[in-house]
1. Does residue 4 satisfy being part of a helix (DSSP H, G or I), more than 18 Å from the chain's Cα centre (by Cα) and surrounded by 11 or more Cβ atoms within 10 Å (Cβ to Cβ)?
2. Among the residues in region 113-121, are any over 24 Å from residue 11 (Cβ atoms), out of contact with any helix residue (DSSP H, G or I) (no Cβ under 7 Å at 6 or more places or on another chain) and modelled with pLDDT under 95?
3. Kindly provide the set of residues from region 59-75 that are more than 18 Å from residue 12 (Cβ to Cβ), modelled with pLDDT of 95 or more and more than 16 Å from the ligand (Cβ to nearest atom), ordered by number.
4. So, of the residues in region 26-58 that are more than 9 Å from the ligand (Cβ to nearest atom), more than 23 Å from residue 108 (Cα to Cα) and in contact (Cβ under 8 Å) with a residue 12 or more places away in the chain, which turns out to be farthest from the chain's Cα centre (by Cα)?
5. Quick one: in region 89-98, which of the residues that are in a strand (DSSP E or B) and in contact with a strand residue (DSSP E or B) (Cβ under 7 Å, 6 or more places away or on another chain) is farthest from the ligand (Cβ to nearest atom)?
6. If I go through region 99-109 residue by residue, how many of them are over 11 Å from residue 66 (Cβ atoms) and either in a loop (DSSP other than H, G, I, E, B) or within 9 Å of the ligand (Cβ to nearest atom) (or both)?
7. Test each condition in (1) away from the ligand (no atom under 16 Å from the Cβ); (2) over 21 Å from residue 12 (Cα atoms); (3) surrounded by 16 or more Cβ atoms within 10 Å (Cβ to Cβ) for residue 86 and report the one that comes out false.
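The values are calculated or read from the model by the stated rules, or taken from the named source; none is laboratory data. Since this is a predicted model, take the numbers as computed values, not measurements. Cβ placement follows ideal geometry from the backbone for every residue including glycine, while neighbour counts extend to all protein chains displayed.
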Ligand SMILES: [Zn+2]
């Protein structure tokens, strides 16, 4: 398996996304980083991201360059770069296509976030930040997102008579 196919499989890229390049860059402090660039086929069309919109093949209007931190690959910090397409929907106008590998607005990939949230259960965030050479502010922001999301899935309406203990939690409907 060549490098391109290996990375395409590891990142689970599906059409029209494709691997464009993988290269090492100097991080400026003597260390090297792995930079993975993802693109899409010329002429590719995308579904309108607006909820409930049935437009499945909108043409690309333009692209916005984005970068996400990904899981380390061996000892190297890894980043994913992509020119994210904005599509022209006949109903909704120009809309940004979300990256399949990241949460909208996040600077990390979903795989990185899942790993960081799991690690944060076992380590102080400051320790984790130091170990992975990341700012604790960015880590706290992503952890806060998942804590808020978990809270939304719970309903704290049933409390004990003392109001101190959570007796039962129901999934939110
Ligand atoms: Zn639309």
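1. In short, yes.
2. Looking through region 113-121, at least one residue is over 24 Å from residue 11 (Cβ atoms), out of contact with any helix residue (DSSP H, G or I) (no Cβ under 7 Å at 6 or more places or on another chain) and modelled with pLDDT under 95.
3. The answer is 62, 63, 64, 65, 66, 67.
4. Among residues in region 26-58 that are more than 9 Å from the ligand (Cβ to nearest atom), more than 23 Å from residue 108 (Cα to Cα) and in contact (Cβ under 8 Å) with a residue 12 or more places away in the chain, the one farthest from the chain's Cα centre (by Cα) is 57.
5. Filtering first and then ranking leaves 96.
6. Residues flagged as over 11 Å from residue 66 (Cβ atoms) and either in a loop (DSSP other than H, G, I, E, B) or within 9 Å of the ligand (Cβ to nearest atom) (or both) within region 99-109 amount to 2.
7. Among (1) away from the ligand (no atom under 16 Å from the Cβ); (2) over 21 Å from residue 12 (Cα atoms); (3) surrounded by 16 or more Cβ atoms within 10 Å (Cβ to Cβ), the lone unmet condition for residue 86 is (1).
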